[in-house]
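Novice: Okay, handing you the structure first.
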Amino acid sequence: MRKEMLDRIVAGEVDLAFRRWVRPTVKAGGTLRTQAGMLRIDSVTPVDLGEITEEDAQRAGLELEELRAFLQAKQQGEVYRVVLGGFMTDPRVVLRESKVLSDEEFAAVVARLDRLDQLSRRGSWTRVFLGLIDQNPNVRAQDLADGLGWEKMDFKNNVAKLKTLGLTISHSPGYELSPRGHEVLRRLDGWVRRSLPRL
């Protein structure tokens, strides 16, 4: 969703969406991760295009003709009425702010990092990425990837895995470590600093 529409959902001006899908990409009772947080989905039901009213369109943040044109632009699939239930806090945001880790929590994070390293065809990367982001906040992903000899998209996909663990925060450009990421890195510091490339 566009930021303008997300802002209107946050403000309570929009609580409906209409989409044409071959198969719905959201489900009732589920959530959709957005830039504004986790958006709750209350219901997803098929609807005939002719049944959509002016009031429905307004609740979706559009004029009726504008909404119909949007839905008619795609011919395949059914039209669905999606009732939006408001925003929840993204669990990754809560996680990344928790900088006090017990020994058990720290051990669990290390185990997850070890598992990511083991599954990688490039070998161990998690500690190097954490140290690199710590020493180069807000540096473009392309520059960080080049410094490691990685493809940009492979680099970004792996940083996203660290973000899921609450260890990094994305910016435009670049990244920074979260409070949780700083604490994990502090405990891993000796190994990380010996492994960093020079940019």
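Novice: Identify the GluC sites (Glu not before Pro) of the stretch 23-101 meeting these criteria: DSSP loop state and at most 13 other C-beta atoms within 10 Å of the C-beta. Write down the numbers at each step before the final one.
Specialist: Details: sites: E51, E54, E55, E63, E65, E66, E78, E97; in loops: E63.
Sites meeting the loop and neighbour criteria: E63.
Novice: Pairs to check: K74/K163; K74/K161; K3/K161; K3/K152; K27/K152. Give those whose C-alpha atoms are more than 29 Å from each other in this structure. Can you show the working numbers first?
Specialist: On the way: K74/K163 34 Å; K74/K161 33 Å; K3/K161 24 Å; K3/K152 25 Å; K27/K152 32 Å.
Where the Cα-Cα span goes over 29 Å, the pairs concerned are K74/K163; K74/K161; K27/K152.
Novice: May I pose another question? When ligands, DNA and RNA are left out and all protein chains stay put, how many square angstrom of accessible area per residue does the chain have with a 1.4 Å probe?
Specialist: Values: 11680 Å² over 199 residues.
It amounts to 59 Å² per residue over the chain.
Novice: Starting from the Cα of R140, step 7 Å along the direction of its Cβ; do the same at V10; then give the gap between the two resulting points in nm.
Specialist: 2.8 nm
Novice: Calculate, axis by axis, the spread of Cα positions in the stretch 49-156 along the three principal axes, and write the results as whole Å, longest axis first.
Specialist: Cα extents, longest axis first: 57, 35, 27 Å.
Novice: Can you put K163, K74 in order of accessible area, largest first, using a 1.4 Å probe? All intermediate terms of the calculation are to be shown ahead of the outcome.
Specialist: Values: K163 50, K74 100 Å².
Ranked from most to least accessible, the order is K74, K163.
Novice: So what are the ³J(HN,Hα) numbers for the stretch 30-39, from phi and the Karplus equation (6.51, -1.76, 1.60; θ = phi - 60°), rounded to whole Hz, Gly and Pro as x?
Specialist: Once rounded to whole Hz, the list reads x, 9, 10, 6, 10, 5, 9, x, 8, 8.
Novice: Arrange the residues D134, D154, D103 by how much accessible surface each exposes, largest first, with a 1.4 angstrom probe. It would help to have the intermediate numbers written out before the result.
Specialist: Details: D134 45, D154 75, D103 115 Å².
Per-residue accessible area, sorted high to low, gives D103, D154, D134.
Novice: Which values of log₁₀ I(q)/I(0), to two decimal places, follow from the Debye formula for the chain at q = 0.14 Å⁻¹ with a uniform point scatterer at every Cα?
Specialist: -0.87
Novice: Share of the stretch 27-163's accessible area from carbon and sulfur, percent, 1.4 Å?
Specialist: Details: 3810 of 8010 Å².
After summing per-atom areas, the C and S share lands at 48 percent.
The values are calculated or read from the model by the stated rules, or taken from the named source; none is laboratory data. These numbers come from a predicted model, not from an experiment. Methodologically, a virtual Cβ is constructed for each residue, glycine included, from the backbone with ideal geometry; neighbour enumeration extends over all protein chains shown. Just so you know, the surface numbers come from the protein's heavy atoms only, side chains and all, with ligands and any DNA or RNA stripped out. Shrake-Rupley method; radii C 1.70, N 1.55, O 1.52, S 1.80 Å.
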